Each structure stands twice: as structure tokens, then as C-alpha cells.
Amino acid sequence: MEDVRENLQVFVRRFGLLNASCCESCCGEVISLVQSHILFEIRRLGNPSMQKVAEELGMDLTTFSRQAKGLQDKKLIRRSISPADRRVNLLSLTEEGCRIMQQIDRYLEDRIKRIFSFMTPFEQEAVSRSLWLLKEALIKAGMEVGEKNIAYCK
């Protein structure tokens with residue numbers, strides 16, 4: 001198990017998942033890693049509530065709300081009141097938010113292609129399948145302990 005942990009630690013560092021401002025090099029914006037995750041989840045979930053995105057990211061609503069406010073101030077997301085429940089704020093990407101996400105997508109696709117260029121098609125498929133299996137196991141393990149993120153300290 002120690003090898004698995006070491007490989008994951010090195011992967012996270014080398015892939016740049018710990019960078020404080022991940023997007024300066026890909027889209028020229030000063031967007032934090034957390035904010036890029038928020039943008040991704042808003043797009044993935046399609047007009048979700050603030051509570052849903054915070055839950056998906058394993059963030060408390062107060063912290064999430066501050067991050068969302070920063071994205072709203074940068075005009076990357078918009079909030080609207082849910083017509084079904086006026087107590088619920090829905091989030092969506094603005095045109096600028098969509099443009100930034102497209103730049104981030106291109107940047108990450110290029111990085112992944114560059115990494116995969118050192119592998120055979122068989123190895124690429126094996127890595128892709130293994131990542132899917134790891135993601136599914138993380139989901140199941142998180143459900144078991146009632147948390148989204150199981151590998152952090154409280």
C-alpha cells in the first residue's frame with residue numbers, strides 16, 4: 001500500500017493538482033484550483049444549486065459561498081433564484097465562464113495527450129480504465145464512511 005500512496009502523492013504533485021493558481025498558465029486568469037473545480041462542477045451538473053455544488057466538492061456552504069462570490073465578481077458565474085424554491089440559489093456559467101472553461105479544457109487535454117504520448121495505445125487504455133476503477137472505488141469508499149473525500153485529515 002505504501003507504493004500506491006507514494007505513486008498517488010507524486011502523481012498529484014507532478015500533474016500540478018496542488019498549484020495555488022492552476023489557471024494562470026492555461027487561461028491567463030487568476031483562478032484558484034478550488035474555483036476551477038467549482039466552474040467544472042457547475043458545467044457538469046448544469047444549473048445546479050449552490051448546495052449541490054458545495055456537496056459535490058465536499059465544502060461547507062459558507063466557504064463555498066465566498067468562493068462563488070469571487071467567481072461572480074469576476075463575471076464567470078451568475079446566481080439566480082430557483083423558480084421552484086425561492087430559498088435556493090442556482091448557479092450557471094456566464095459566456096466568459098464558458099470561455100475560460102474551454103481554455104482550461106484545451107490546456108488539460110494537451111497535457112494529457114503529452115503524457116499519453118509516452119504510452120502505447122494499450123497502456124493508455126489501461127490507465128484510463130484504472131482511473132475509472134479508482135474513481136468508482138473512491139465513490140464506494142466515501143459512501144461507506146459517509147464522506148465525499150476520504151483521504152484528508154479533519
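Contact annotation: residue pairs with Cβ atoms under 7 Å, 6 or more positions apart or on different chains, pairing a residue in segment 1-18 that is under 19 Å from L108 (Cα atoms) with a partner that is part of a helix (DSSP H, G or I) and modelled with pLDDT under 80, are L18/V12.
The residue pairs whose first member lies in segment 96-122 and is in contact (Cβ under 8 Å) with a residue 12 or more places away in the chain and surrounded by 13 or more Cβ atoms within 10 Å (Cβ to Cβ), whose second member is assigned to a helix (DSSP H, G or I) and of a type in the set (K, R), and whose beta carbons are closer than 7 Å, counting only pairs six or more residues apart or on different chains, are M101/R43. Kindly indicate whether S80 is surrounded by fewer than 18 Cβ atoms within 10 Å (Cβ to Cβ) and either closer than 14 Å to I38 by Cβ or in contact (Cβ under 8 Å) with a residue 24 or more places away in the chain (or both). Spelling it out, it is not the case that S80 is surrounded by fewer than 18 Cβ atoms within 10 Å (Cβ to Cβ) and either closer than 14 Å to I38 by Cβ or in contact (Cβ under 8 Å) with a residue 24 or more places away in the chain (or both).
Here's the yes/no breakdown for (1) among the polar types (S, T, N, Q); (2) over 27 Å from R111 (Cβ atoms); (3) touching a helix residue (DSSP H, G or I) at 6+ places or on another chain (Cβ under 6 Å):
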{"position": "I31", "(1), (2), (3)": "no, no, no"}
{"position": "T63", "(1), (2), (3)": "yes, yes, no"}
{"position": "S80", "(1), (2), (3)": "yes, yes, no"}
{"position": "V88", "(1), (2), (3)": "no, yes, no"}
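Being of a type in the set (A, V, I, L, M, F, W, C), under 16 Å from the mean Cα position of the chain (by Cα) and in a helix (DSSP H, G or I) is not true of L133. Number of residues in segment 44-54 that are in contact with a Ser or Thr (Cβ under 9 Å, 6 or more places away or on another chain) and part of a helix (DSSP H, G or I) equals 2.
For S92, the conditions (1) modelled with pLDDT under 95; (2) surrounded by 14 or more Cβ atoms within 10 Å (Cβ to Cβ) all hold with the exception of (1).
The values are calculated or read from the model by the stated rules, or taken from the named source; none is laboratory data. Keep in mind that this is a model prediction, so the values were computed, not measured. Reconstructed Cβ throughout: ideal geometry from the backbone, glycine too, with neighbour counts over all protein chains shown.
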